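Notes to accompany the following structure.
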Amino acid sequence: MIPIRGWQKLTDENGSTQNYGPYTGQQESVAGNTILGNRNSGKYRVVMSGQTSDGVEMKRESTLTLNRTAEMTEEEALRYSILFDFDQSNTVATYEKFLTDVVSPRIDDNSKVIIHGHTDIIGSEEYNMTLSKQRASETARILSNAVKSSGKNSVRFETDAFGMDTNKAPFENKLPEERFYNRTVVIDIEKAK
């Protein structure tokens, strides 16, 4: 069930609490800089709670570490990621549009695009490695077609697959939410120098 109203409570290692919400959309976010304020880093206990249209109360807990990094300029690099449905290598139609309309215009001629495929830890290692390769390849195919159709022919694509490798995973794999976000492809665009 999807909550129709939700809240977030973040408590840092010093016991200070921040509350966000109520949210009424299916997807909401809070910027890391907003959470950190004047701090350079922080560890947070996150409690997400909500209520469904049936009146059912939902609650999820997790932990989060935020570190402020030096701002990257657009000339240095750009990073995007897209999510895949469980056990799927075909992108959701909205992501194909996102890759074509948002990501590909940011790719300059002579730049390098690095694409990393990931999966969650459900299933065999061999199967997940194949699935992550398919996800990376599908993403590269869409971006390559979009870039070529815009007249850019000197873009280099580098794809790699990490499967269920927990050392390379963007998130931990302990909770369903973390596994959901590991069904991803990460796209790094290195601008031409």
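Laid out as a table, the results:
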item: FRET efficiency, Thr52 to Leu175 (Cβ-Cβ, R0 30 Å, nearest 0.05); result: 0.95
item: Candidate lysines for bridging to Lys193, where Cα separation is under 20 Å - those fewer than 8 sequence places away on the same chain excluded; result: Lys112, Lys152
item: Diffusion coefficient, µm² s⁻¹, Stokes-Einstein with Kirkwood Rh over alpha-carbon pairs of the chain at 37 °C and 0.692 mPa s; result: 176 µm²/s
item: Gained length - Asn33 relative to Glu126, 0.36 nm times residue gap less alpha-carbon distance; result: 29.6 nm
item: The chain - mean residue ellipticity at 222 nm from DSSP helices (-39,500 (n - 2.57) per run, n ≥ 4, rounded to 500); result: -6500 deg cm²/dmol
item: Virtual spin-label span in nm between Glu61 and Asn14, 7 Å along Cα→Cβ; result: 2.3 nm
item: With Cα atoms, 0 to 90° folded angle of helix 125-149 axis to the chain main axis; result: 60 degrees
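Quick note: the coordinates plus some simple rules give every number you see, no bench work behind them. Computed from a prediction, not measured in an experiment: that's the story for all the values here. Heads up, the Cβs are rebuilt from the backbone with ideal geometry, glycines too, and the neighbour counts pull from every protein chain shown.
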